[in-house]
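See structure below.
The values are calculated or read from the model by the stated rules, or taken from the named source; none is laboratory data. Quick caveat, the model's predicted, so the values are computed rather than measured. All Cβ positions, even for glycine, are placed from backbone atoms using ideal geometry, and neighbour counts span all protein chains on display.
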Amino acid sequence: MSTAYIWVALLSAGTFGIVTVLDKRLASYNMPSLVAFYMGVMVSLVGYATVAIIITGIPQHLPPDRLISAIVSGLCWGGALAMMFWGYKLEEASRASAIIHTFPVFVAILAVVFLGETLGFGQWIAIFIVVSGPYNNILVGCKRWTINPIQQRAPGVLLGASLFTALALLTGKYALEELPLWFVYSLRNYGMATIFFIFMAAWSI
């Protein structure tokens with residue numbers, strides 16, 4: 001394997017860390033409310049998706065199962081991100097991000113069950129090692145969550161974000177096997193925007 005992939009992966013992780021801190025800052029301090037933050041995200045998602053559709057067009061061959069999978073992937077991504085931002089509002093960024101990144105466990109289980117993939121014993125051990133830290137975070141935070149009633153929702157919200165991330169990855173992978181990347185990207189953004197709109201409407205009532 002080329003070392004370039006390692007540097008790209010490290011750059012991706014570093015970029016995600018910066019984005020996580022910015023999201024936490026915006027959601028908790030700079031925006032007047034979480035609904036206002038969702039509004040900004042929703043507008044940007046629709047804008048990017050529309051530009052991508054205009055430039056690349058809609059493919060002629062659209063297998064129904066792949067199309068549905070792409071839409072479901074977008075909805076799942078929307079649920080994952082909406083719950084992630086909500087979790088950032090409830091919990092520290094470092095702890096919230098760690099809990100969200102337990103999704104490899106869900107991905108592995110779902111891939112074995114629905115995609116017919118197989119994992120060796122060593123691979124399961126590696127997954128366990130990766131997620132053992134975040135689950136330790138959950139246990140450490142239990143006492144604080146019992147003291148602060150508002151934060152009691154944090155573990156459920158963050159684990160929900162993790163599960164939706166896994167579902168989004170699996171359905172997105174299935175859709176991308178036969179659909180163009182930019183079309184799936186557009187559907188994903190529209191699906192995410194739909195979920196953000198639902199969250200906004202629910203909290204505005």
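Looking at this structure, is Pro64 out of contact with any Leu (no Cβ under 9 Å at 6 or more places or on another chain) and within 14 Å of Ala168 (Cα to Cα)?
No, not satisfied.
Those residues that are surrounded by fewer than 20 Cβ atoms within 10 Å (Cβ to Cβ), of a type in the set (D, E, K, R) and under 15 Å from the mean Cα position of the chain (by Cα), I need them from region 156-205; list them, please.
The one that is surrounded by fewer than 20 Cβ atoms within 10 Å (Cβ to Cβ), of a type in the set (D, E, K, R) and under 15 Å from the mean Cα position of the chain (by Cα): Lys173.
For residues in region 40-66 being of a type in the set (Val, Ile, Thr) and under 22 Å from Glu178 (Cβ atoms), which is surrounded by the most Cβ atoms within 10 Å (Cβ to Cβ)?
Among residues in region 40-66 that are of a type in the set (Val, Ile, Thr) and under 22 Å from Glu178 (Cβ atoms), the one surrounded by the most Cβ atoms within 10 Å (Cβ to Cβ) is Ile53.
Out of (1) among the hydroxyl-bearing types (Ser, Thr, Tyr); (2) modelled with pLDDT under 90; (3) out of contact with any Phe, Trp or Tyr (no Cβ under 9 Å at 6 or more places or on another chain), what's the single condition that is false for Ser44?
Failed condition: (2).
Right, Ala111: outside any loop (DSSP other than H, G, I, E, B), touching a residue at least 40 places away in the same chain (Cβ under 8 Å) and more than 23 Å from Phe183 (Cβ to Cβ) or not?
yes
Would you say Ile55 is under 17 Å from the mean Cα position of the chain (by Cα), over 17 Å from Phe164 (Cβ atoms) and in a helix (DSSP H, G or I)?
Considered against the rule, which asks whether it is under 17 Å from the mean Cα position of the chain (by Cα), over 17 Å from Phe164 (Cβ atoms) and in a helix (DSSP H, G or I), Ile55 comes out as no.
Of the residues that make up region 125-138, is at least one in a helix (DSSP H, G or I), out of contact with any Asp or Glu (no Cβ under 9 Å at 6 or more places or on another chain) and at pLDDT 80 or above?
yes
Need pairs with beta-carbon distance below 8 Å; first residue closer than 13 Å to Gly79 by Cβ and within region 171-194, second aromatic (Phe, Trp, Tyr) and part of a helix (DSSP H, G or I); sequence gap 6+ or separate chains.
That search, which allows pairs on different chains as well, returns Arg188/Trp77; Gly191/Trp77; Met192/Trp77.
Out of (1) surrounded by fewer than 20 Cβ atoms within 10 Å (Cβ to Cβ); (2) of a type in the set (Ser, Thr, Tyr); (3) in contact with a Ser or Thr (Cβ under 6 Å, 6 or more places away or on another chain), what's the single condition that is false for Ser73?
Going through (1) surrounded by fewer than 20 Cβ atoms within 10 Å (Cβ to Cβ); (2) of a type in the set (Ser, Thr, Tyr); (3) in contact with a Ser or Thr (Cβ under 6 Å, 6 or more places away or on another chain) one by one, Ser73 breaks only (1).
Just checking, which of Ala93, Ala70, Ala108 is modelled with pLDDT under 80 and among the hydrophobic types (A, V, I, L, M, F, W, C)?
Ala93
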